[in-house]
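Each remark here refers to the structure printed beneath this line.
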Amino acid sequence: MTETVPPPAATGTAADQGVGASARRPDATLKVTGEFAYASDLWLDGMVWGVTLRSPHPSAWIRSIDVGPALAMPGVLAVLTHEDVPGDKRYGLDVRDQPVLAAGEVRYQGEPVAVVAADHPETARRAAAAVVVGYEPREAVTDPRLSLDVVRHQPIRRGDTFEAEVVVTGEYEVGMQDQAPLGTESGLAVPAEDGGVDLYVATQWLHVDRDQIAPCLGLPPEKIRLTLAGVGGAFGAREDLSMQIHACMLALRLNRPVKMVYGREESFFGHVHRHPARMRYEHGATRDGRIVYVKAELLLDGGAYCSTSPAVVGNAASLGVGPYEVPNVRLDATGVYTNNPPCGAMRGFGAVQACYAYESQMDRLAEACDLSPVEIRLRNAVAQGSRLSTGQVIDSPAPLAEMLRQLDAMPLPQPPPAAAAPDLRLLPGGVSQTTRGESVRRGVGYGVGIKNICFSEGFDDYSTARVRAELVGGEPRVTVHTAAAEVGQGLVTVQAQIARTELGIEDVVVAAADTSVGSAGSSSASRQSYVTGGAVKAACEAVRDRFKGLSPREALAAFGPIEETREYRHRPTYPLDPRSGQGDSHTQLALCVHRAVVDVDVELGLVKVVELAAVQDVGRILNPQALEGQIHGGSAQGLGLALMEEIQVRDGRVLNPSFTDYLIPTILDMPPMQLKILEFPDPSAPYGLRGAGEPPTLSATPAIAAAVRAATGLRLTRVPIRPEDIALSDDGSPEGAPDVQRA
């Protein structure tokens with residue numbers, strides 16, 4: 001079942017398809033035509049189907065489990081509970097606190113209680129429903145402010161001056177966003193002759209999956225072999241385990257291949273979400289707008305289990321005042337456990353929530369100081385040599401002021417024509433609205449974000465690459481093999497581009513990612529181009545050294561196949577001090593700035609984003625077209641958080657686990673984008689590159705929110721902004737308080 005990704009049908013020389021070119025994606029045609037094999041398409045003769053039984057309660061004791069009715073059904077082959085877990089009963093990324101299958105209690109709605117295997121997926125689903133579980137519901141802790149169970153508390157303390165001429169305060173809230181990958185959680189577990197198991201799965205981190213699975217199966221890691229199957233999006237949702245252990249347990253019990261594919265509703269329960277946040281900020285400044293101090297309290301709801309909450313809290317704390325010169329900081333970031341759905345990694349995690357709050361504050365500070373939104377940011381912008389609130393010096397280019405000036409110079413879109421009969425398609429709500437544009441107002445807003453790249457706080461962050469050069473049919477060919485997960489971001493393309501650039505060989509094959517090569521770490525934290533790109537570059541350089549000055553064809557004819565494996569590590573980072581929050585915790589920082597233009601129908605509460613403009617520094621462009629796609633995609637997720645995306649949770653229960661009720665931006669919601677990409681190389685990074693996938697998600701959300709505020713005059717302290725937050729009554733006053741409490 002192991003496959004390789006064929007080389008792209010490139011034209012021209014290796015240089016034409018190397019670093020800096022918009023090289024064609026090798027999977028592009030297959031994905032466009034629908035022929036690409038995703039994990040949910042996997043099939044083996046003799047395979048059976050696995051299904052998970054999940055708790056309907058956010059918090060309950062389990063008094064009994066009766067699997068008899070399910071086992072009695074024709075076609076049912078196995079029903080497993082916590083008693084059947086052959087090894088460790090718990091797993092987890094940072095803390096092994098999550099049960100493989102619930103034992104004695106459940107802590108969130110959707111927690112796995114049993115798994116079923118049957119000869120048909122519908123039979124498996126009916127059998128799961130037939131398992132009788134005796135629950136004793138108990139009171140759930142769903143308000144993070146009432147939780148006494150802390151995952152991590154990280155203070156930041158800098159300076160001692162907390163008085164200023166101008167003081168603005170605000171309380172802000174970010175709802176629970178879902179990664180909403182189009183491909184649901186899926187995989188195929190195949191028992192092996194050596195007593196181990198081969199797992200083909202859609203994931204973001206093959207080796208850490210393996211290292212969590214093996215102890216739970218009671219097997220050594222080398223007997224758990226993972227191969228990356230086709231991934232239909234990730235955005236952090238696939239960092240945690242979903243069906244991996246369950247499928248392997250069933251496969252080993254039955255000695256048959258077992259396939260598990262979540263339906264859309266189950267997917268909402270089967271992966272982590274973005275941490276919802278409540279934040280209070282106080283900014284003090286001089287009358288001319290120079291920030292003197294920031295006080296802040298950030299509370300993040302981690303849900304029932306730890307996942308990556310410690311890292312999320314660390315990011316929120318260390319980046320909590322934004323890319324601004326702030327000499328005095330008193331900030332506390334806290335993550336807590338509740339009985340809400342577990343939360344973990346999502347694009348820009350931790351930094352997204354803080355960015356919405358501190359950028360909202362910057363707009364309030366601009367107003368209080370009678371400055372423009374751009375000017376207040378220019379007066380406080382960091383630059384190379386600035387210190388973060390953690391004391392870390394920014395030692396590579398940070399051209400924020402230049403980025404803001406270029407953004408401000410971009411032309412604004414033309415105002416809508418004052419026609420008697422406007423084109424309804426161009427108005428908020430489109431042709432389905434009930435007005436004719438008489439209550440539409442335009443607003444412009446700005447947002448700035450700063451995001452750490454790669455893993456931080458002392459994590460041993462590295463990647464491994466194996467590169468083999470050989471003659472095939474008399475012509476040089478390169479095979480690149482890493483365990484890096486291609487989750488749609490274009491990493492397979494970039495690996496091939498690096499090999500072409502370093503070796504001057506056009507024919508490059510990227511082998512399927514699996515655990516037969518050393519770890520490449522996670523496809524998260526905007527790190528793969530940096531770390532896996534660095535590993536591929538280093539391995540290629542080692543191969544090139546063995547050419548001994550000959551051309552590739554001459555060297556391979558003389559010496560035969562040449563293969564080299566290299567690990568690449570970025571420079572070290574260090575944990576934040578648990579009391580002061582000081583420390584060099586990050587290896588690289590990235591900036592993006594957005595301007596949003598919106599039209600708002602203040603009677604209907606409808607918003608149309610007319611245009612987004614963005615400027616981002618990426619250090620060095622590896623693939624222009626892929627890079628633009630990343631910035632557009634990140635901006636789309638920021639738009640979703642600003643205006644529509646939220647998991648509705650009431651008393652610990654998810655109310656909208658479907659794409660009917662959980663809304664994500666479509667092509668009709670995304671506006672035209674003006675985009676400027678700057679290249680200020682980072683001397684510490686391969687090719688000088690700077691990770692680019694996450695920063696646009698940060699700055700898009702506050703820019704859109706600010707534009708809606710500008711159009712309506714409302715404070716709007718919570719995202720996503722809903723129609724009822726905007727709609728005006730007959731006397732022009734808001735129908736509800738800006739800080740309206742919601743279920």
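The values are calculated or read from the model by the stated rules, or taken from the named source; none is laboratory data. Keep in mind the model is a prediction, meaning the values are calculated, not measured. Cβ sites come from the backbone with ideal geometry, for glycine too, and all protein chains shown count toward neighbours. Just the protein is used for accessible areas: all its heavy atoms, side chains included, with ligands, DNA and RNA removed. Shrake-Rupley method; radii C 1.70, N 1.55, O 1.52, S 1.80 Å.
Observations on the structure shown:
- The residues listed here are 379, 330; of these, the one that is touching a Lys or Arg at 6+ places or on another chain (Cβ under 8 Å), assigned to a helix (DSSP H, G or I) and of a type outside the set (Ser, Thr, Tyr) is 379.
- Of all the numbered requirements in (1) acidic (Asp, Glu); (2) open to solvent by 10 Å² or more (accessible area, probe 1.4 Å); (3) over 30 Å from residue 501 (Cβ atoms), residue 628 misses one, and that requirement is (3).
- Residue within region 321-330 that is crowded, with 24+ Cβ neighbours inside 10 Å and of a type in the set (S, T, N, Q) present: no
- Matching option when the condition is in contact (Cβ under 8 Å) with a residue 60 or more places away in the chain, open to solvent by 10 Å² or more (accessible area, probe 1.4 Å), touching a Cys at 6+ places or on another chain (Cβ under 9 Å) and not in a loop (DSSP other than H, G, I, E, B), among 564, 611: 564
- Whenever a residue of region 69-85 is without any contact (Cβ under 8 Å) to a residue 40 or more places away in the chain, its partners that are open to solvent by 20 Å² or more (accessible area, probe 1.4 Å), lying with C-beta atoms within less than 6 angstrom and at least six residues away or across chains, give the pairs 81/65; 82/103.
- Residue within region 278-291 that is under 30 Å from residue 141 (Cβ atoms), touching a residue at least 12 places away in the same chain (Cβ under 8 Å) and hydrophobic (A, V, I, L, M, F, W, C) present: yes
- Candidates 256, 274, 210, filtered to the one that is open to solvent by 20 Å² or more (accessible area, probe 1.4 Å), charged (D, E, K, R) and closer than 30 Å to residue 301 by Cα: 210
- Of all residues in region 250-274, exactly one satisfies the criterion of being among the basic types (Lys, Arg), touching a helix residue (DSSP H, G or I) at 6+ places or on another chain (Cβ under 8 Å) and closer than 30 Å to residue 649 by Cβ, namely 274.
- Listed by first and then second residue, the pairs with beta-carbon distance under 7 Å, at least 6 apart or on different chains, first residue in region 183-209 and within 21 Å of residue 269 (Cβ to Cβ), second assigned to a loop (DSSP other than H, G, I, E, B) and among the β-branched types (Val, Ile, Thr), are 183/231; 202/231; 204/487; 209/203.
- Of all residues in region 347-373, those that are part of a loop (DSSP other than H, G, I, E, B) have Cβ atoms under 8 Å from Cβ atoms of residues that are among the polar types (S, T, N, Q), 6 or more apart or on another chain, in 347/179; 347/637; 347/697; 348/697; 349/308; 349/315; 350/315.
Each row is one residue, and each column tells you yes or no for (1) among the small types (Gly, Ala, Ser); (2) part of a helix (DSSP H, G or I); (3) closer than 19 Å to residue 491 by Cα; (4) over 23 Å from the mean Cα position of the chain (by Cα).
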| residue | (1), (2), (3), (4) |
| --- | --- |
| 684 | yes, no, no, yes |
| 696 | no, yes, yes, no |
| 699 | yes, yes, no, no |
| 702 | no, yes, no, no |
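- Selection from region 461-487 of residues that are open to solvent by 20 Å² or more (accessible area, probe 1.4 Å) and within 24 Å of residue 235 (Cβ to Cβ): 462, 486, 487
- Residue count for region 660-678, restricted to those that are surrounded by 15 or more Cβ atoms within 10 Å (Cβ to Cβ) and in contact (Cβ under 8 Å) with a residue 40 or more places away in the chain: 11.
- Number of positions in region 174-189 that are of a type outside the set (Val, Ile, Thr) and part of a strand (DSSP E or B): 4
- Restricting region 278-298 to residues that are assigned to a loop (DSSP other than H, G, I, E, B) and open to solvent by 10 Å² or more (accessible area, probe 1.4 Å), the residue that is nearest to residue 326 (Cα to Cα) is 290.
- 3 or more residues modelled with pLDDT of 95 or more and under 20 Å from residue 243 (Cα atoms): qualifying strands (runs of 3 or more DSSP E) within region 52-152: 76-80, 112-118
- Subset of region 394-412 [out of contact with any His (no Cβ under 9 Å at 6 or more places or on another chain), touching a residue at least 24 places away in the same chain (Cβ under 8 Å) and among the aliphatic types (A, V, I, L, M)]: 394, 398, 400, 403, 404, 410, 412
- Number of positions in region 400-456 that are loosely packed, with under 13 Cβ neighbours inside 10 Å and at pLDDT 95 or above: 2
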